[in-house]
Structure formats: structure tokens, C-alpha cells
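Throughout, read-outs are computed from the coordinates displayed, never taken from laboratory work. Fair warning: this is a prediction, and the values are worked out from it, not measured in the lab. A quick note on method: Cβ atoms are made from the backbone with ideal geometry, for glycine too, and the neighbour counts reach across all protein chains shown.
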Amino acid sequence: MKSLRITNVHIIDPERQTVELGSLTIKHGLISAEDTTVLTYDGQGKYLAPGIVDIGTKVCEPGERHKESFRSAGLAAAAGGVTTLITRPDTDPAIDSPETLEFAGRRAQAACAVHTYQMAALTKGRLGREMTEIGFLQDAGAIAFTDCDAVVTDTKVLSRALTYARQLGALVIGHPQDPGLSKGAAATSGKFASLQAIPAVSPMAERLGLERDLALVEMTGAKYHADQISTALALPALERAKQQGLDVTAGVSIHHLTLNEFDVADYRSFFKVKPPLRSEEDRQAVVSALASGLLDIISSMHTPQNEESKRLPYEQAASGAVALETLLPAALRLYHSDHLSLPQLFRALSLNPANRLGLPCGRLSEGAPADLILFDPNSPFLLDRFQLNSKSKNTPFDGQRMQGRVLATFVDGQKVYQR
Amino acid sequence: MQLQHLLGIQPLNPQQITEILNLADHYADGNRTCSRNSNVLAGCTQINMFFENSTRTQASFEIAGKRLGADVMNMAMQGSSIKKGETLIDTALTLNAMHPDLIVVRHPHSGAVDLLAQKVNCSVLNAGDGWHEHPTQALLDALTIRRSKGRLHRLNIAICGDIAHSRVARSNLILLGKMENRVRLVGPATLMPAGITELGVEVYHDMEEGLKNVDVVMMLRLQRERMDGGFIPSEREYYHRYGLDAAKLSKAKPDAIVMHPGPMNRGVEIDGDIADDLSRSVIQEQVEMGVAVRMAAMDILVRNRRQDLRETKHEPTL
């Protein structure tokens with residue numbers, strides 16, 4: 001195989017936290033230190049970074065391929081600079097057996113342009129009653145275990161699942177939310193929800209859920225990741241757990257970093273996500289926590305929904321937003337507003353998720369897979385949702401001005417997308 | 001004034017509110033004479049779409065439409081196409097294709113009437129959406145207050161009871177705030193919406209304290225059907241602490257009026273004797289003003305619509 005040298009680029013290295021003008025060599029699909037170049041690719045002074053590793057993408061196979069397939073998700077990921085998809089098991093049926101996991105894996109292999117790894121459900125049918133075959137699922141390739149937004153309410157079931165997962169070294173991903181308080185809620189309680197009269201949940205529900213999960217992690221010693229921390233109230237609990245030395249990490253969705261509850265305005269259901277958008281104070285708190293490294297990972301929480309499930313009265317409308325293609329430009333808002341540097345951003349988008357899952361990607365060191373994105377952080381554009389590659393077009397950023405576009409995406413050294 | 005729809009009080013300015021009330025005042029007087037019917041809405045089709053049970057509001061809209069000469073059609077939506085799986089938007093589009101002039105909608109979900117209004121080209125009147133807004137109720141309450149008190153500003157008004165689950169309370173506190181009144185909310189903490197103090201109202205959990213020196217006592221129905229369970233310990237404890245009786249009412253100004261949007265739960269939120277005391281209670285007048293306010297609102301919406309149509313006709317065609 002020929003080697004390729006990408007020259008004249010600003011290289012964003014999340015490990016060393018640097019941005020330097022230089023070049024990078026790809027050989028046999030890996031990043032190489034040698035300089036036996038045959039082909040060169042002029043980066044024209046743009047930016048090169050490790051591809052995004054997105055924990056928690058929903059690809060609607062099996063069950064709802066009309067909303068998103070592995071093919072369409074792969075195209076969207078490549079166009080958005082996501083080189084590794086970590087897919088969710090909240091499909092229909094849930095991915096809770098080695099057979100369904102293998103089906104999803106086969107489909108991904110056949111149709112998806114980027115790397116994919118499947119997560120499996122923690123309990124059968126995501127019902128919170130019996131744990132899944134964690135061992136078999138791990139053997140079949142499950143990279144982590146989660147019931148997604150279905151919180152395991154029975155603490156005995158959860159503590160046993162955590163204990164069993166610990167013995168296998170499996171990562172468990174929780175959705176910190178108190179199921180009682182958050183029942184039926186479609187907004188965060190406060191002035192906005194009260195005026196719009198949307199059933200609301202106190203932000204305290206997140207802290208309650210997190211505190212409970214952390215107590216069980218302390219008890220069982222399991223490896224735990226909180227999928228989305230979106231409130232200021234939950235941050236001290238997370239900080240304490242980390243100081244205590246628990247094997248805990250936490251993520252935040254791109255929507256909670258860049259939008260707040262007022263964006264819902266007159267019942268715009270494309271802004272309905274789970275957990276609901278928070279106050280501006282909460283948004284600022286999670287941005288700071290991301291900058292300080294208390295929050296580890298940014299996720300797209302890509303959740304395709306078709307028009308029919310969104311064009312309903314707000315309470316009845318489905319939750320979730322597509323985000324694979326808006327993840328990077330939205331995240332770059334934090335860079336343009338001077339809240340995060342580019343290396344900090346890619347630490348949360350690429351390096352940290354790869355490290356948490358034990359993957360070799362997400363970095364630019366020698367021998368790492370050449371999963372790379374070339375992008376221009378300044379290029380402005382107006383987002384048109386009908387130009388998205390996702391089958392579902394439910395993005396809250398429709399019609400908004402954004403800055404930052406992917407110019408090319410490489411997976412294992414092969415170009416899978418070029419603008 | 002160019003209102004196309006009446007979806008809530010929030011989008012109205014004080015001048016628009018006053019204009020509606022002035023016209024309603026005129027209709028209220030007319031309704032008391034024998035020449036109460038007119039042909040303002042002659043040839044107009046009015047559809048009442050109620051996705052939630054209602055007797056009085058629906059009757060009030062129907063009478064208002066008929067007095068103005070509209071062709072009124074009632075659709076009970078609870079049992080029909082919704083059960084067959086039709087979405088709200090499809091229902092709206094279906095009706096729109098029949099070219100009505102006015103659609104009056106009540107829906108159990110907040111924001112549903114806004115959504116429907118985006119999809120039709122006739123005028124839409126919100127007759128209550130979830131806990132969100134019930135604009136004609138707030139307008140009829142305002143008219144009742146204005147007629148009893150002689151003004152609609154600088155009054156102390158207490159709204160009492162289940163604020164959290166009440167669209168009547170939301171529309172009223174917005175309207176009364178816009179007209180520069182002091183609004184107090186009285187009720188148990190479990191029935192207060194979060195963050196409500198940020199809206200410039202005073203919150204009281206002690207009813208006697210809350211009623212001190214008020215000009216208007218506005219009671220709300222304790223909406224048992226809205227309760228997920230467990231907001232209050234029992235009806236009798238609620239009546240003891242928040243039911244309006246003579247002792248609590250004595251804290252208000254001697255000429256304070258008592259209002260209730262109905263239907264009343266006598267012995268739960270209001271003592272029967274007070275409800276029937278014609279020197280204090282204006283509950284029957286509220287119902288009367290309801291017809292007048294709805295006539296005024298429909299008159300204005302249809303007039304605006306006709307004007308729009310006339311203007312678009314004059315535009316040169318390509």
C-alpha cells in the first residue's frame with residue numbers, strides 16, 4: 001500500500017494539547033513516523049484532527065430503517081467528521097441478545113462507511129428486570145452496556161448487573177435521571193415551562209439519578225459512564241466521585257452545550273430532547289465543566305425521528321434530534337466563543353471517548369489508525385436540514401448560521417468523504 | 001388592529017385588549033335587549049372543535065356565533081377520527097379544505113392550538129389548550145371586573161387554588177399584569193408552578209393573608225381530573241385551608257367581588273352560600289360576559305379576515 005502525506009495543515013493533537021503547522025504521514029492505514037512518501041495531499045493550511053468517536057448514536061436498525069439505516073448514518077457520519085460510531089441498543093427490538101447484536105454488526109459491516117461498534121442493553125428488553133447475557137454479548141463484540149433512557153429503577157437489579165459487569169471489565173453507561181420526578185416531563189421546570197405550561201421536571205432529578213448510580217458504583221466497583229450530565233446541580237456529585245477514585249466518566253450532548261430551554265419557544269418540537277433543554281445557567285455550567293475536564297466526552301446523541309413523530313403537540317411529540325452532521329459546527333461555537341480551545345474540543349470529541357472504550361483511535365500518535373478529519377473551522381454556512389445525509393431531518397439547527405465545515409474524512413487512511 | 005387568530009393573551013397588547021373589551025361591552029348591553037341578533041357573521045362558517053369535554057364553553061361559543069348570524073357546527077372530537085389514528089394536523093387540513101371562516105379549538109395539550117393555527121388559513125380561536133391559555137375566559141373575567149369595579153387597572157386581585165394546572169390562571173395573570181394590576185396567587189405549594197415569582201406576582205400559601213385588602217377574589221376549580229394523584233392530602237383539608245368561606249372572605253375589602261370560572265365544586269373550593277350571595281358573587285355575570293366577549297372576538301377576527309381578503313384581491317396579478 002502506498003503511503004500518503006498530508007502536508008501544510010494545522011495539526012490538532014489532543015494528547016499533547018497542541019496545534020502546530022506541519023504534515024502527517026499515513027502508511028498501511030496507520031499514522032506513521034516514517035517519511036517514505038509517494039503521494040502528497042495539500043491541506044492548504046486547514047486543520048487536521050483525529051476523527052470524532054461518537055458514543056450514543058442511534059441507528060434505527062433493526063426495526064425503524066425508514067428513520068435511519070447504517071448506510072445513511074455512515075454517510076452522515078463521514079460528512080460530519082465522525083469516524084467511529086458507537087451505536088445505541090434502544091432499537092425495536094432492543095439489542096439485548098448476541099443474535100440481534102450480530103445482526104446489527106453485519107449490517108454495519110455491509111453498509112456503513114465508518115467504523116461502528118455496538119452497545120448492548122444492560123437488561124432484557126431494556127425493561128430493568130433481568131440482566132442480559134453480558135458475557136456472551138461481550139464475546140459477540142458489545143463494547144458497552146446501557147439501557148439508554150430507560151432507567152433501571154430496581155436498585156437490586158442494577159447493583160447485580162453492575163457487579164456482574166465489573167467481573168467482566170465491561171463498561172456500563174447510565175442515564176442519570178430520577179424516574180419518579182421525571183415521569184411525563186417534556187421540559188425543565190422554571191419560568192419558561194410554567195408559562196408555556198409544559199409538564200416539567202426539576203433539574204434535581206438528574207442529580208438524584210447520578211447520586212444513586214454513583215453510590216451503586218462505589219458499592220460494586222463497576223466501570224461507569226454517565227451518558228449526559230446537563231445540570232449544574234449534578235456536577236459536584238461527579239467531582240466528588242472522581243476525587244474518590246471511582247472509575248467514573250461523564251458525557252454531555254452537543255445540544256445541552258449549545259442550546260437552552262428558551263430555544264423551544266412556541267412549542268418547536270425539533271428542540272425536544274431527552275433530558276429536556278436546560279436553563280442558560282446550566283448550559284454555562286456544563287460548558288465550564290467540559291473546559292475543566294470534569295465532563296469528559298461530547299456526544300451527538302443522534303436520534304433520528306421522522307416528521308410524523310415530531311409534528312404533534314409538544315407533549316406528544318417524540319424526543320431526540322439528529323446531530324451527526326451538526327456535531328462539529330455546533331461544537332465549534334464553543335471554540336469561536338473562546339470557551340474551549342481546539343485541542344480541548346478534540347480531547348472531548350475524539351481522545352476521551354476512545355480511551356474510555358479502549359479503542360486505539362482518537363489520537364495522532366504513531367501506530368494509531370489513520371482516522372482523520374480535515375476541516376475549516378471558520379467556513380460559514382446556513383444549515384438547510386434537507387441537505388443532511390440522515391434519512392430523518394429533525395435538527396434544531398435548521399436555518400441557523402453555523403461556522404466550520406469538514407473538507408475530508410479518512411477512515412483507516414482511506415478517504416470516505418470529500419467536500 | 002390586525003389579529004388573525006386569538007391564540008392567547010400573551011400576544012395581545014393592552015390597546016388590543018381594551019378594544020376587544022369595548023366591543024364586548026357593547027354586545028353585552030345588546031344581549032340584554034330583545035334585538036340581540038345581528039348579521040355581522042352572516043354567511044360565515046364557524047366550526048367548534050372540542051378535543052376535550054366542555055359544555056358551557058362550547059355552548060357559549062355556539063350562542064355567540066348564532067347571535068352574529070354564523071353557521072355554527074359542533075364537532076365532538078374525543079370519539080372520532082383521533083381514535084382512528086388521524087393526527088391533529090391531518091384533522092386541521094381536512095377541515096381547512098372545507099373553507100370555514102372560524103375554527104374554535106379546545107385541546108388537552110399545551111401548544112396544540114398554535115400548531116393547528118399554523119396549518120389552516122382561516123381564523124383560529126383558542127378555547128383552551130392544556131394548562132397553557134384560555135384567552136376568552138381571561139377577557140370575560142376582565143370585562144366582568146371592569147363592569148363591577150369601573151376600571152381594570154390598579155386593582156388588587158387574588159387568584160386562588162390550583163394555579164399549576166390552570167390555563168384560566170395563566171391567561172388571567174398575563175392579562176391582569178398587562179393592564180397594570182397587582183396579582184396575588186394563593187394556594188398550596190404543590191399547586192404552584194415553578195419559577196412563578198419571576199413573573200412579577202406575589203405568592204401566598206396562607207389564604208387569609210393572601211386575601212387581605214383585595215378588590216377581587218378569583219377562585220379556580222380544583223381540577224381533580226388533572227391530578228396525577230397526591231397534590232393535596234384530601235378534599236376536606238383543602239376546603240379547610242383554601243376553600244372560600246365567609247371568614248376568609250372577610251379579610252378582603254368589604255366591596256370585593258367573588259369570581260369563579262365554573263363549574264364549581266361547592267364545598268371543595270367555595271362555600272355554597274358565598275357563590276349564591278348576589279352582593280358578592282359575579283359568577284352568573286361572568287357567564288353572561290362570556291357570550292359577549294366571544295361575539296366581540298369573533299367579530300374582530302372575521303372583520304380582519306375580510307379586510308385581508310379584500311386587500312389581496314386588489315393586488316396586481318402576474
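Observations on the model:
- Whole-Å distance, taken between Cα centres, linking segment B:270-300 and segment A:332-404: 60 Å
- Taking the convex hull of Cα positions in segment B:1-131, its mean projected area over all directions (nm²): 8.3 nm²
- Length gained when the stretch B:Ala42-B:Asp245 is fully extended (0.36 nm per residue, less Cα-Cα span): 68.5 nm
- Nitroxide proxy distance, nm - points 7 Å out along Cα→Cβ at A:Gln44 and B:Thr87: 4.0 nm
- Between segment B:108-129 and segment B:140-216, the alpha-carbon center distance in angstrom: 25 Å
- B:Thr33 versus A:Ser341: modelled label distance in nm, points set 7 Å from Cα along the beta carbon direction: 8.2 nm
- Per residue of B:160-171, other chain Cβ atoms within 10 Å of the residue Cβ number 1 on average.
- Across all Cα atoms of segment A:143-240, the radius of gyration (one decimal) and Dmax (whole number) stand at 14.5, 49 Å.
- Charge tally in the Cβ shell below 10 Å around B:Tyr238, where Lys, Arg are +1 and Asp, Glu are -1, B:Tyr238 excluded: -2
- When only the Cβ of Lys, Arg, Asp and Glu is charged (+1, +1, -1, -1), the dipole of the protein assembly as shown relative to its Cα centre reaches about 920 debye.
- Taken along the Cα-to-beta-carbon direction at a fixed 7 Å, the label points for B:Lys66 and B:Gln307 span 3.0 nm.
- Amide H contacts for B:Val104 (H built 1.01 Å from N in the peptide plane; partners 5 or more residues away or on another chain; cut-off under 5 Å): B:Ile47, B:Asn48, B:Met49, B:Leu125.
- Each Lys or Arg adds one and each Asp or Glu takes one away; over the other residues whose Cβ falls under 13 Å from the Cβ of A:Glu133, this sums to -4.
- Extension gain, A:Asn378 back to A:Phe136 (0.36 nm per residue minus Cα-Cα distance, nm): 82.5 nm
- Taken one residue at a time, the phi angles of segment A:343-350 give Karplus couplings (6.51, -1.76, 1.60, θ = phi - 60°) of x, 5, 4, 6, 4, 7, 8, 10 Hz. Gly and Pro are set to x.
- Here the Karplus relation 6.51 cos²θ - 1.76 cosθ + 1.60, evaluated at θ = phi - 60°, turns the backbone of segment A:356-372 into coupling constants of 4, 9, x, 9, x, 7, x, 8, 10, 6, 4, x, 6, x, 7, 9, 9 Hz, with x for every Gly and Pro.
- The calculated FRET efficiency for the pair A:Ser288 and A:Gln244, based on their C-beta separation and a Förster distance of 25 Å, comes to about 0.70.
- The angle between the Cα long axis of helix B:56-67 and the longest principal axis of the Cα atoms of chain B comes to about 40 degrees, rounded to the nearest 10.
- FRET E, pair A:Ala110, B:Gln10, Förster distance 35 Å, beta-carbon r, rounded to 0.05: 0.10
- 0 to 90° range, to nearest 10: angle between helix B:135-149 axis and chain B longest Cα axis: 60 degrees
- Cα-based helix-to-principal-axis angle, A:280-292 vs chain A, degrees rounded to 10: 50 degrees
- Peptide-level mean, for A:107-113, of C-beta atoms on other protein chains within 10 Å: 0
- The alpha carbon centroids of segment A:156-197 and segment A:21-50 are separated by 43 Å.
- Here segment B:75-223 is treated as an ellipsoid with the same Cα gyration tensor; its semi-axes, largest first and in whole Å, are 34, 17, 12.
- Each semi-axis of the equivalent ellipsoid for the protein assembly as shown is √(5λ) with λ an eigenvalue of the Cα gyration tensor; in descending order they amount to 56, 30, 22 Å.
- Amide hydrogen proximity for A:Thr146: with H placed 1.01 Å from N in the peptide plane, the residues at 5 or more positions away or on another chain lying under 5 Å are A:Ala120, A:Ala121, A:Leu122, A:Ile173.
- Annotation: the antiparallel percentage among DSSP beta bridges lying fully within segment A:20-117 is about 25.
- Backbone phi angles across segment A:315-324, fed through the Karplus curve with coefficients 6.51, -1.76 and 1.60 (θ = phi - 60°), yield HN-Hα couplings of 4, 8, 5, 6, 8, x, 9, 6, 8, 4 Hz in residue order; Gly and Pro are listed as x.
- Pairs beyond 29 Å (Cα-Cα), from A:Lys46/A:Lys272; A:Lys67/A:Lys124; A:Lys58/A:Lys124: A:Lys46/A:Lys272
- Hydrodynamic estimate: the Kirkwood radius of chain A over Cα pairs, inserted into Stokes-Einstein at 20 °C and 1.002 mPa s, corresponds to D of 100 µm²/s.
- Ranked by the mean number of other Cβ atoms within 10 Å of their residues, highest first, the peptides A:122-134, A:321-333 come out as A:321-333, A:122-134.
- Relative to the globular-protein estimate of 2.2 N^0.38 Å, the Cα radius of gyration of segment A:260-347 stands at 1.19.
- R0 of 35 Å, Cβ-Cβ distance B:Thr94-A:Arg160: FRET efficiency to nearest 0.05: 0.10
- 13 Å beta-carbon shell around A:Gly413, net charge (K/R +1, D/E -1): +2
- If you wrap segment B:160-318 in the convex hull of its Cα atoms and look at it from every side, the mean projected area works out to 12.9 nm².
- In terms of packing, defined here as the mean over residues of other Cβ atoms within 10 angstrom, the peptides B:197-204, A:91-98, A:74-81 line up highest first as A:74-81, A:91-98, B:197-204.
- The convex hull of the Cα atoms of chain B, projected and averaged over all directions, covers 17.7 nm².
- Backbone amide hydrogens, once placed in the peptide plane, bring B:Val186 within less than 5 Å of B:Ile159, B:Cys160, B:Gly161, B:Tyr204, excluding anything fewer than 5 places away on its chain.
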